[in-house]
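Have a look at the structure below, then the notes.
The values are calculated or read from the model by the stated rules, or taken from the named source; none is laboratory data. Bear in mind that the values here come from a model prediction, so they are computed numbers and not experimental data. Glycine gets a Cβ as well: all are built from the backbone with ideal geometry, and neighbour counts include every protein chain shown.
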Amino acid sequence: MGDTTGNAAGDAVGSEIADRYERLSDGLAAKLAQVPPTGWDLPTPCDGWTVRDLVGHLVDTQGMFLGFVGRTLGEIPAVADDPVAAFAGARAVVLADLRDPERAGAEFDGFFGRTTFAAGVDRFLSFDLVVHAWDLARAAALDERIDPEDVARVQAAAEAFGDAMRGPQAFGPALEAPAGADAQARLLAFLGRRP
């Protein structure tokens, strides 16, 4: 009888990644559902992006990571027509692949070396879901609170990314956090956002 410990550990990690992605994308979808019909053209903290542009970026990045492993989003609604349905369609495809061990384990050469689809989603897409949920909340005057565990995880990831994450529209130069700022405010300042 072979040793299945490694597979069990891999399955547990994969399940944890899928659960995290589901929780974060559920949270962002809930915020999108609260955007009023007139809110899609509101500016966001991402320079030059409206709320609709932000959703377009989120949908595009889901498709980009699927593309890294030879898959696509398939037929989903267009962001221009229905941003809520477009994001729902994209997240459903990604989540289904994360729940499939073979698809989740598909490998590709990523920004930081060889990795798997699930690991790439966890490192990049789940990072984006946390930060852009805050951007969306700020733009549409929704609840801006970030779960403290997500704050800590994103802070560690942002520090590991370093200057590679900084650029137009995404994450600008770090700002100085206000005196007495909490962990969320310090994270946002590090990401170039005014808390």
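Scan Ala181, Ala140 and give me the residue that is crowded, with 16+ Cβ neighbours inside 10 Å, over 25 Å from Ile17 (Cβ atoms) and either free of Cβ contacts under 8 Å to residues at least 24 places away in the same chain or not hydroxyl-bearing (Ser, Thr, Tyr) (or both).
Working: Ala181 fails: crowded, with 16+ Cβ neighbours inside 10 Å.
Among Ala181, Ala140, only Ala140 is crowded, with 16+ Cβ neighbours inside 10 Å, over 25 Å from Ile17 (Cβ atoms) and either free of Cβ contacts under 8 Å to residues at least 24 places away in the same chain or not hydroxyl-bearing (Ser, Thr, Tyr) (or both).
Taking region 97-118 on its own, how many of its residues are assigned to a helix (DSSP H, G or I), surrounded by fewer than 19 Cβ atoms within 10 Å (Cβ to Cβ) and in contact with a helix residue (DSSP H, G or I) (Cβ under 8 Å, 6 or more places away or on another chain)? Even if it seems obvious, please write down each step before you answer.
Taking region 97-118 first, the residues assigned to a helix (DSSP H, G or I) are 97-98, 101-104, 117-118.
Going one step further and asking which of them are surrounded by fewer than 19 Cβ atoms within 10 Å (Cβ to Cβ), we end up with 101-103.
Within this subset, residues satisfying the condition of being in contact with a helix residue (DSSP H, G or I) (Cβ under 8 Å, 6 or more places away or on another chain) are 101, 103.
Of the residues in region 97-118, 2 are assigned to a helix (DSSP H, G or I), surrounded by fewer than 19 Cβ atoms within 10 Å (Cβ to Cβ) and in contact with a helix residue (DSSP H, G or I) (Cβ under 8 Å, 6 or more places away or on another chain).
Filter region 136-152 down to residues that are aliphatic (A, V, I, L, M) and over 14 Å from Arg186 (Cα atoms), then give me how many there are. Give the derivation first.
Going through region 136-152, the residues aliphatic (A, V, I, L, M) turn out to be 136-137, 139-142, 146, 151-152.
Subsequent filtering for residues that are over 14 Å from Arg186 (Cα atoms) retains 136-137, 139-142.
Of the residues in that region, 6 qualify.
Criterion first (without any contact (Cβ under 8 Å) to a residue 60 or more places away in the chain and crowded, with 17+ Cβ neighbours inside 10 Å) does Ala158 satisfy it?
Working: without any contact (Cβ under 8 Å) to a residue 60 or more places away in the chain: yes; crowded, with 17+ Cβ neighbours inside 10 Å: yes.
Answer is yes for this residue.
Would region 1-14 turn up any residue that is among the polar types (S, T, N, Q) and either surrounded by 15 or more Cβ atoms within 10 Å (Cβ to Cβ) or modelled with pLDDT of 95 or more (or both)? Working first, answer last.
First, pick out the residues of region 1-14 that are among the polar types (S, T, N, Q): 4-5, 7.
Within this subset, residues satisfying the condition of being either surrounded by 15 or more Cβ atoms within 10 Å (Cβ to Cβ) or modelled with pLDDT of 95 or more (or both) are none.
So far as region 1-14 goes, no, none of its residues is among the polar types (S, T, N, Q) and either surrounded by 15 or more Cβ atoms within 10 Å (Cβ to Cβ) or modelled with pLDDT of 95 or more (or both).
Of the conditions (1) in a loop (DSSP other than H, G, I, E, B); (2) buried (at least 17 other Cβ atoms within 10 Å of the Cβ); (3) of a type in the set (Gly, Ala, Ser), Ala90 fails just one. Which one is it?
(1)
Output the residues belonging to region 49-78 that are closer than 25 Å to Arg193 by Cα and β-branched (Val, Ile, Thr).
Thr50, Val51, Val55, Val59, Thr61
Condition test on Gly192, is it of a type in the set (Gly, Ala, Ser), within 17 Å of Trp49 (Cβ to Cβ) and assigned to a loop (DSSP other than H, G, I, E, B)? Break it down into steps so the answer makes sense when it comes.
Numbers: of a type in the set (Gly, Ala, Ser): yes; within 17 Å of Trp49 (Cβ to Cβ): yes; assigned to a loop (DSSP other than H, G, I, E, B): yes.
Yes; evaluated as a whole, the condition is true for this residue.
Which one of these does Arg91 not meet: (1) in contact with a helix residue (DSSP H, G or I) (Cβ under 7 Å, 6 or more places away or on another chain); (2) not assigned by TED's automatic domain parsing to the domain that holds Gly14?
Arg91 satisfies every listed condition except (2).
Yes or no: region 47-54 includes at least one residue that is in a loop (DSSP other than H, G, I, E, B), aliphatic (A, V, I, L, M) and in the same structural domain as Ala88 (by TED's automatic domain parsing). Step through it out loud before you land on a result.
Restricting attention to region 47-54, the residues satisfying the condition of being in a loop (DSSP other than H, G, I, E, B) are 47-49.
Now restrict to residues that are aliphatic (A, V, I, L, M): none.
No - not one qualifying residue is present in region 47-54.
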